Structures are given as C-alpha cells and as structure tokens.
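K.L.:
Encoded as structure tokens, here's the structure I'll be asking about.
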Amino acid sequence: MTHHQAFCRSQMDKIPVNSYLSKISFSIALFILSAASVLAEKPNIVLVITDDQGYGDIGAHGNEMIVTPALDKLWAESLRLTNFHVDPTCAPTRCALMSGRYSTRTGIWHTIMGRSMMDSQELTIAEALKSHGYATGHFGKWHLGDSYPFRPQDQGFDTVVWHKAGGVGQGPDYWGNDYFDDTYWRGDKTEAFKGYCTDIWFEEGMKFIKGNKNKPFFAYISTNAPHSPLNVDPKYSEPYVKKGVSQNMAKFYGMITNIDENVTKLRRFLEDEGLSENTIFIFMTDNGTAGGMPKTSKKKEKKGKKSKEASATSWKGFNAGMSGKKGSNMEGGHRVPFFLHWPKAKLNQGMDISNLTAHIDILPTLLDLIGLQKPHGPKIDGQSLKPLFFGQADKFPKDRTLAVHSQRIEIPQKWKTTALMTERWRLLGDNQLYDIKADPAQKSNVAQKYPEIVKRLSGEYDQWWNSFEPNFSNRMRFILGSDEARTSDLMSHDWLVSRIGDSPWHQGHVKSGKLSSGPWAVEIATAGRYRITLTRWAPYLKQAMNCKHAKLKIGEVEKEMPLKSDDEAAVFEVDLEKGPAMLQSWLTNDADKIHGAYYAVVTRL
C-alpha cells in the first residue's frame with residue numbers, strides 16, 4: 001500500500017459505520033488517489049524491434065514451422081495491433097518510429113546514398129523521455145546516421161552499444177564483423193565483444209536496465225537479426241533443415257528462434273528484478289519478411305515459379321495470407337507484428353485491435369500512456385492510440401488515411417512503391433485499388449469498379465505528397481569540427497550519388513575497388529584549420545592503398561598529392577570557412593583506374 005493509500009484508508013476507518021454514503025464517497029476518493037499514485041510511478045519502457053522479420057514469421061500468427069514460444073507467449077499476454085504498418089524498408093521505419101513523423105519528412109527515404117540520416121532537429125522518443133527523467137539506452141542497430149550529429153548518443157540516448165550502417169558487415173561497420181565475436185561501438189569508442197550479436201544486444205540491454213532500475217528507463221533493443229548475412233549457430237538452423245526448410249530460410253528462422261530465446265531471458269530478468277509489472281514491453285519489426293518466403297527471380301515471378309532451392313523443399317514459407325515481402329507496397333511488405341504488454345495498466349489481456357495504426361503513432365502513444373507532455377519539437381504526424389487501448393474507440397478517428405512508401409532513389413518520385421491506406425482500401429500507385437477487407441491477399445484490382453474511390457484517395461495522396469516536396473532538396477549534413485565532435489568518420493555508404501550502382505555501401509564493394517566517386521554533404525561548424533585523411537581501406541586497418549595519386553575537393557578548396565603504392569593514407573591540411581560544403585575525393589590506383597576514397601577522417605586542429 002502506498003503512502004497515499006495508507007493515509008486514505010486511515011481516514012476512511014475513522015468514519016462511523018452508519019455513515020454508509022460517506023464511506024462510498026470516500027471509497028471513490030480512495031480509488032482516485034490510488035490511480036493518481038500509480039500514474040505518479042512512471043512505467044519503464046522496453047522496446048524490442050527486429051530487422052526483416054515479417055508478420056508471418058511468428059508461430060502465434062499461424063506459422064506452423066517456426067519455433068517462437070516466447071513470442072507466442074508474449075502474443076497471448078499482450079495487446080496486439082493486427083493492422084499495424086511501417087515503411088517497407090528499415091531506415092525509414094526507424095526514423096518514423098523515433099520521431100512520430102513520416103520518414104520522408106525527417107530526411108530519410110533510402111537506406112544508403114546519403115538519404116538514411118535523420119534530421120538532427122527531430123524530437124526522438126529518447127529525447128522526449130529523457131526530458132522527463134528517464135534513463136535511455138540503445139542496443140544494436142541504429143541506421144539513422146553514423147557520425148555527428150546523427151548518432152544515437154546525439155539523439156537522446158545516454159548509454160549506447162551499437163553497430164554502424166544498416167547491417168553488420170556493411171561499409172561503416174567495423175571491418176570483418178560477421179555476427180560472432182565482433183567489434184562494436186560503445187558510444188564513440190570501439191570495443192571487442194565475445195558472443196553472438198543478438199545475445200550481446202540483449203545482454204547489454206539487461207546490464208543497462210539493472211544499473212537504472214531505481215528510476216524509469218527506456219531500453220531500445222534493436223536487433224540486426226534476422227537481416228542478412230544469414231549467419232547463425234547451426235544448432236538453431238539445422239532443426240529446420242531436417243524438417244524440410246530450405247537452407248537460407250532455415251538460417252533465417254534460426255536467427256528468429258535465437259531472438260525468441262533472448263526474449264525469454266529478458267522477460268525472466270524483468271520478473272526477477274521486480275520490474276515486469278510496471279514495464280511497458282513492446283515487440284515489433286521494421287518491415288515485411290525478407291527471408292520467410294522463397295526467393296523468386298524477376299523473370300520467373302510473372303510465371304509464378306519459385307527458385308530451385310524452394311521447389312526442392314517441402315516447406316514453402318508463410319506470409320499470413322498476404323502478398324508481398326520486404327520492399328513491396330503490397331500488404332506483406334509493411335504490415336508487421338506489434339505486441340504491447342503492461343500488467344500494471346491491465347494491458348496484458350490478449351486483446352486484438354484491428355484499427356489502422358502505424359509506426360508514427362508510437363511516440364505520441366507512449367507519452368499519452370504515461371501522461372507526459374511532448375517537449376518542444378516538430379509537429380507529430382501520428383496519433384495517440386490510448387483510446388483504443390482502454391475501450392474508448394469512439395474517441396479515435398473512424399477512418400483515418402495513412403501512407404507508407406519505399407523510394408530507394410536520390411529524389412523521391414510520386415507514387416513510387418506507395419501504399420495509401422484506409423480501414424477498407426489500399427491504393428497502390430495511382431491505378432491499383434484493393435478492398436483489403438474482402439481481398440486480404442490483394443488478388444483483385446478493383447480500380448475500374450470504384451473510380452470515385454481512386455479519385456478521392458488520389459486527392460488525399462496529393463496532399464500527403466505535397467507536404468514532403470520542400471524536403472526533397474534538403475541534404476542531411478555531417479557537422480565537421482564541432483566542439484561536441486572535433487573528429488568525424490565518413491564512409492562512402494553516405495555519398496550523395498544518383499544511382500544505387502554508384503554507391504559503395506558494403507565492405508564487399510571496398511574489397512573489389514568499386515570504380516565510383518561521390519560527395520559527402522557536410523557543414524563546417526567552425527572556421528579554421530582541418531586535417532582530412534583519405535583512405536581506401538578502413539583507417540584502423542593501416543593497409544596500403546596501392547594508389548599513386550589523391551585529389552580532394554571541399555567547397556572551393558582543392559588539393560592533390562602524389563602517392564606511393566604502399567602509402568596507407570593521403571593526408572591533407574586545409575583552411576576551411578564556416579558553412580555548408582560538399583566533400584569529395586578521387587584516388588588513382590596503380591592500374592590507372594579512379595575511384596573515391598571510401599573512408600575519410602576529418603579533424604579540426
């Protein structure tokens with residue numbers, strides 16, 4: 001019994017027995033004060049988000065092959081959003097989740113090419129909660145910018161253990177990481193870890209929770225699994241192979257089973273620490289399945305033929321009756337699981353909510369559930385779902401319109417890979433209309449049957465699109481030479497190039513010496529002298545570049561120098577003026593081929 005409850009009970013006991021009405025009135029007052037004391041105890045928040053796991057990649061959703069007992073149990077004990085949508089790829093989903101705003105509004109519509117950095121002026125969940133006294137920790141995948149001012153520690157997180165880029169093994173990530181015994185970043189310092197990547201994210205999350213259990217905390221555990229490469233201990237994948245699952249899908253499922261084991265450990269830990277009762281525990285994923293359905297080649301897709309590997313196995317995958325997968329604007333590309341468990345608020349009753357909801361709703365929902373004011377920041381696009389959670393659906397819009405899209409190009413194109421959604425309709429592009437209630441598999445395009453619906457929804461899409469257009473020319477700029485980060489590490493993953501084929505975003509592209517060059521968008525924070533170190537390999541490898549000439553251009557400053565084949569870097573010192581600029585480089589290799597320096601380190605002297 002809390003102090004408030006004990007006081008109220010002592011006062012109620014003083015009321016004469018025959019004062020029946022007075023006792024009832026006082027009981028009501030006791031309930032109100034008790035509720036107030038509960039709300040005064042801010043709940044903890046644990047948000048687990050996995051990478052590339054679709055709606056059908058969970059046993060509780062009808063997948064009879066995958067083994068996910070922990071997620072099935074969480075599903076049974078949670079409030080479930082069964083019509084919950086995200087963008088069809090990861091970085092856009094993550095920024096919308098963090099900011100409560102449509103991804104394109106925050107500067108992100110791609111996963112590479114300088115279009116995967118979230119505007120530093122966005123208000124994140126972490127920043128909002130931190131302003132109200134929460135400890136904040138991020139563990140795992142970030143994918144919203146790898147250098148200042150876009151890193152998780154720049155966006156409201158106190159404790160950070162993370163890998164860079166969109167996946168382990170990509171260009172900005174530590175060289176040679178392969179999911180086992182990798183080197184990650186603790187804040188801005190590298191650290192060697194022992195164990196499997198997913199295990200590490202959960203272990204570090206639990207350490208953070210234990211160290212902050214005496215005040216409210218927000219733990220954001222963001223796994224890179226089951227994203228490719230499909231590396232997992234065979235003890236998780238081989239049981240699926242034996243049951244007739246293809247090798248790659250078995251590895252994908254095995255990575256999810258490992259995640260599931262970690263969910264068990266985390267929930268047991270919260271119980272043991274006495275934290276589960278007042279912890280909002282959320283599980284969700286970032287887009288439709290990447291590996292839970294067989295691969296289909298583009299040539300064979302029209303004929304409906306699967307790959308040789310898929311046809312040779314007995315299990316054909318499961319997508320919960322939906323069409324499309326990761327990257328698609330069909331339902332299977334963007335409708336994902338969302339479970340919320342909060343025993344103290346009685347949000348643990350196994351309830352389904354079928355209203356149309358999305359990633360942009362989570363920030364306002366969390367603040368509303370806890371009773372916190374949103375700090376100053378950009379206007380949020382999402383809607384609090386609290387009325388739906390507590391049986392007040394009449395206070396929630398009956399037929400809202402939402403949209404998601406996947407652009408993956410330099411400048412967004414109208415209608416490209418877009419799904420405009422209402423409770424009943426899905427408009428894909430400007431000429432595909434599906435009645436999702438009658439046709440959940442989206443087999444019948446009824447655009448010609450309902451031209452008035454197409455016209456109305458197209459008008460709503462125009463308004464949505466027009467609200468983004470001013471952002472298309474904006475560039476998210478790495479800030480160089482600030483007092484907060486005098487040194488910045490850049491990688492070609494973030495070159496602003498016009499074609500995806502010109503982007504060396506992976507370590508494999510560096511190994512092969514991809515022949516392309518592009519600029520980084522930067523902002524010089526302070527005028528002065530700067531050292532710019534260009535390397536062909538990750539600088540800490542200290543490996544010969546096998547190049548004979550280097551050229552640098554930043555703003556109006558141009559420099560070049562000859563190199564020897566065994567030089568590990570080209571080092572320039574330049575005087576720079578404050579303000580925006582483009583930074584680009586060119587290396588001429590020993591075979592007289594030219595490509596950019598895939599890595600650059602910029603330090604204010």
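K.L.:
Between the helical axis of 3-12 and the dominant principal axis of the chain, each derived from Cα atoms, what acute angle in degrees is found, rounded to the nearest 10?
P.N.:
Tilt relative to the chain: about 10 degrees.
K.L.:
What list of ³J(HN,Hα) values in whole Hz, one per residue of the stretch 212-223 in order, does the Karplus curve 6.51 cos²θ - 1.76 cosθ + 1.60 (θ = phi - 60°) give from phi, with Gly and Pro shown as x?
P.N.:
Residue by residue, the stretch 212-223 yields 10, 5, 8, 8, x, 9, 10, 10, 9, 9, 10, 6 Hz.
K.L.:
Using packing as a proxy for protection, rank 152-158, 548-554, 236-242 so that the peptide with the highest average count of other Cβ atoms within 10 Å comes first.
P.N.:
152-158, 548-554, 236-242
K.L.:
Give me the net charge of Q155's neighbourhood, meaning all other residues with Cβ under 13 Å from the Cβ of Q155; Lys, Arg count +1, Asp, Glu -1. Display every interim value, and only then the final one.
P.N.:
Details: positive: R94, K130, R151; negative: D119, E122, E127, D146, D154, D158, E484.
Around Q155, the charge tally is -4.
K.L.:
Report the antiparallel proportion of the DSSP beta bridges in the chain as a percent, rounded to a multiple of 5.
P.N.:
DSSP beta bridges in the chain are roughly 70 percent antiparallel.
K.L.:
Quick one: which residues, 5+ away or cross-chain, put their amide H under 5 Å from the amide H of I479? H built at 1.01 Å from N.
P.N.:
Placed amide hydrogens put E523 under 5 Å from I479.
K.L.:
Give me D for the stretch 478-604 in µm² s⁻¹, whole number, from Stokes-Einstein with Rh from the Kirkwood sum over alpha-carbon pairs, 10 °C and 1.306 mPa s.
P.N.:
This corresponds to a translational diffusion coefficient of 110 µm²/s.
K.L.:
Using only DSSP helix segments of four residues or longer, with each worth -39500 (n - 2.57), what per-residue ellipticity at 222 nm results for the chain after dividing by its residue count and rounding to 500? List each step's numbers first, then the result.
P.N.:
Working: 14 runs with 148 residues, N = 605.
Per the formula, -7500 deg cm²/dmol.
K.L.:
By counting other Cβ atoms within 10 Å of each Cβ, how are I259, I200, I453 ranked from fewest to most?
P.N.:
Starting with the residue having the fewest Cβ neighbours, the order is I453, I200, I259.
K.L.:
Let me ask something else about it. Taking Cα atoms, how many degrees apart are the long axis of helix 247-272 and the longest axis of the chain, rounded to 10 and kept between 0 and 90?
P.N.:
That helix lies at roughly 50 degrees to the long axis.
K.L.:
To continue, here is another question. Please identify every one of the trypsin sites (Lys or Arg not before Pro) in the stretch 136-223 that sits in a loop by DSSP and has no more than 13 other beta carbons within 10 Å of its own beta carbon.
P.N.:
K194
K.L.:
Now a separate question. Considering Cα pairs under 8 angstrom that are at least six residues apart, work out the relative contact order of the stretch 392-482 and quote it in whole percent. Could the numbers behind the result be given before it?
P.N.:
On the way: 91 pairs, mean separation 16.3, N = 91.
Relative contact order for the stretch 392-482 comes out at 18 percent.
K.L.:
Enter the angle in degrees (range 0 to 90, nearest 10) between the Cα long axis of helix 451-466 and the first principal axis of the Cα atoms of the chain, meaning the one along which they spread out most.
P.N.:
60
K.L.:
May I have the extent of the alpha carbons of the stretch 440-517 along their three principal axes, as whole Å values ordered from largest to smallest?
P.N.:
So the extents along the principal axes, rounded to whole Å, are 58, 35, 23.
K.L.:
Too long at a 31 Å Cα-Cα cut-off: which of K141/K414; K374/K395; K379/K414; K141/K379; K141/K551?
P.N.:
Violating the 31 Å limit, Cα to Cα: K141/K551.
K.L.:
Using the Cα atoms as the points, what is the convex hull volume per residue of the chain in Å³?
P.N.:
176
K.L.:
Taking only Cα atoms of the stretch 373-444, what ratio of Rg to Rh do you get with Rh as the Kirkwood inverse-distance radius? All intermediate terms of the calculation are to be shown ahead of the outcome.
P.N.:
Details: Rg = 15.9 Å, Rh = 14.9 Å.
Rg/Rh for the stretch 373-444 comes to 1.07.
K.L.:
Give the dimensionless ratio obtained when the Cα radius of gyration of the stretch 36-101 is divided by 2.2 N^0.38 Å.
P.N.:
1.39
K.L.:
Sticking with this one: Could you work out the relative contact order of the chain, using alpha carbon pairs under 8 angstrom and six or more residues apart, expressed as a whole percent?
P.N.:
Across the chain, relative contact order equals 17 percent.
K.L.:
For a footprinting-style exposure proxy, rank D72, D286 by other Cβ within 10 Å, fewest first.
P.N.:
Numbers: D72 17, D286 28.
In order of increasing Cβ crowding within 10 Å: D72, D286.
K.L.:
Out of the GluC sites (Glu not before Pro) in the stretch 502-605, which ones are loop residues according to DSSP with at most 15 other C-beta atoms within 10 Å?
P.N.:
E556, E577
K.L.:
In debye, nearest 20: dipole of the chain around its Cα centre with unit charges on the Cβ of K, R (+) and D, E (-)?
P.N.:
That gives the chain a dipole magnitude of about 1280 debye.
K.L.:
Shifting gears a bit: Work from the charge dipole of the chain (Cβ charges, +1 for Lys and Arg, -1 for Asp and Glu, about the Cα centre) and give the residue of A544, I353, G167 farthest towards its positive end.
P.N.:
I353
K.L.:
Given C-alpha coordinates of the stretch 402-471, what is the ratio Rg to Rh with the Kirkwood estimate of Rh?
P.N.:
Rg divided by Rh gives 0.98.
K.L.:
Which of the peptides 369-379, 225-235 is most tightly packed, and how do the rest follow, going by the mean number of other Cβ atoms within 10 Å of each residue?
P.N.:
225-235, 369-379
K.L.:
Just order 326-334, 410-418 by mean Cβ neighbour count inside 10 Å, highest at the front, would you?
P.N.:
326-334, 410-418
K.L.:
Based only on other Cβ atoms within 10 Å, what is the fewest-to-most ordering of T603, T190?
P.N.:
By the 10 Å Cβ count, ascending, the order reads T190, T603.
K.L.:
Any idea what Rg and Dmax come out to for the stretch 123-275 if you just take the C-alpha atoms, in Å?
P.N.:
My reading of the Cα-based Rg and Dmax gives 16.2, 51 Å.
K.L.:
Mind checking which aspartates and glutamates have their C-alpha under 15 Å from K416, skipping anything on the same chain fewer than 8 residues away?
P.N.:
D87, D430, D462, E469
K.L.:
Expressed as a whole number of Å, what is the distance separating the alpha-carbon centroids of the stretch 454-485 and the stretch 391-409?
P.N.:
The stretch 391-409 and the stretch 454-485 have Cα centres spaced 19 Å from each other.
K.L.:
Something else about it: Place +1 on the Cβ of every Lys and Arg and -1 on the Cβ of every Asp and Glu in the chain, take the dipole about the Cα centre, and give the residue among G205, T106, W315 whose Cα lies farthest towards its positive end.
P.N.:
The residue sitting most towards the positive pole is W315.
Rule-based calculations on the coordinates, nothing more; no lab input. Predicted model only: the values in this text are computed from it and were never measured. Glycine also receives a Cβ, built like all others from the backbone with ideal geometry; neighbour counts cover every protein chain displayed.
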